[in-house]
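Contents: one structure, followed by commentary.
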Amino acid sequence: MSKILGFFTGRFGKVILFDANEPVHEHAHSQLHVLIKIEGADSSFDVGGEKVLLTNDQMVLLNPWSPHANPRDSDAESTILLALYLEPVWLGMIGQNMSTESANTLFSENFGQMSYEVKQSSFEVARLVQDSIGQEENLEELLFNLMREIVEQFCNQSLQRQLPHPSRQIDYRIRAAVKYM
């Protein structure tokens, strides 16, 4: 049975660290969904009829409502994966001026080759998700930077003009106050 190793929620949505070792039937999410392998066996996902590999170097990128499944064998070696479920509205909170329609077509491909920075940030997010108590501010900031990197590298090129590059991040105290409200 698949097991949750860590879980964190915020304005961005949620991030879950899974030990996945069972097949997952076709389903979809209302959020942007990013799957990143942390360790274990490579895996493949069926994304709208297309086979997409999840490896040490390649992540799975899903727009909202993209049907996907993980048809792994029940006896296959498990995969530790980081699953990001990102609310399209959050893009507005991090400075992205995008319509819902734009968010629904954010990723032009269902996969992306991970840069060294994305890999390192992913490993750090996974570490903090396992022990997020007292690390909430660090984790939110790291997720902000990770998602910004992913969006800038892999978003649909026609949407690049809509992605402003703010000179500084939102102060964690302001994020905490907005979250409290």
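Assorted remarks:
- Where K51, K37 fall by accessible area, highest first, once all protein chains stay in place (1.4 Å): K51, K37
- Label-zone membership for segment 1-17, site A41, 7 angstrom Cα→C-beta point, backbone N under 17 Å: 1-3
- Per residue, in Å², the accessible surface of segment 1-58 once ligands and nucleic acids are set aside, probe 1.4 Å: 48
- Residues whose amide H comes within less than 5 Å of that of G13, counting only those at least five positions distant or on another chain, are E87 (H built at 1.01 Å from N in the peptide plane).
- Whichever aspartates and glutamates have a C-alpha closer than 14 Å to that of K51, once near sequence neighbours (fewer than 8 apart) are set aside: E26, D42, E109
The values are calculated or read from the model by the stated rules, or taken from the named source; none is laboratory data. From a predicted model like this one, the values you see are computed outputs, not experimental measurements. So basically every Cβ, Gly included, is an ideal-geometry build from the backbone, and we count neighbours across all protein chains shown. Remember, those area values only see protein heavy atoms, side chains included, never the ligands or the DNA or RNA. Shrake-Rupley method; radii C 1.70, N 1.55, O 1.52, S 1.80 Å.
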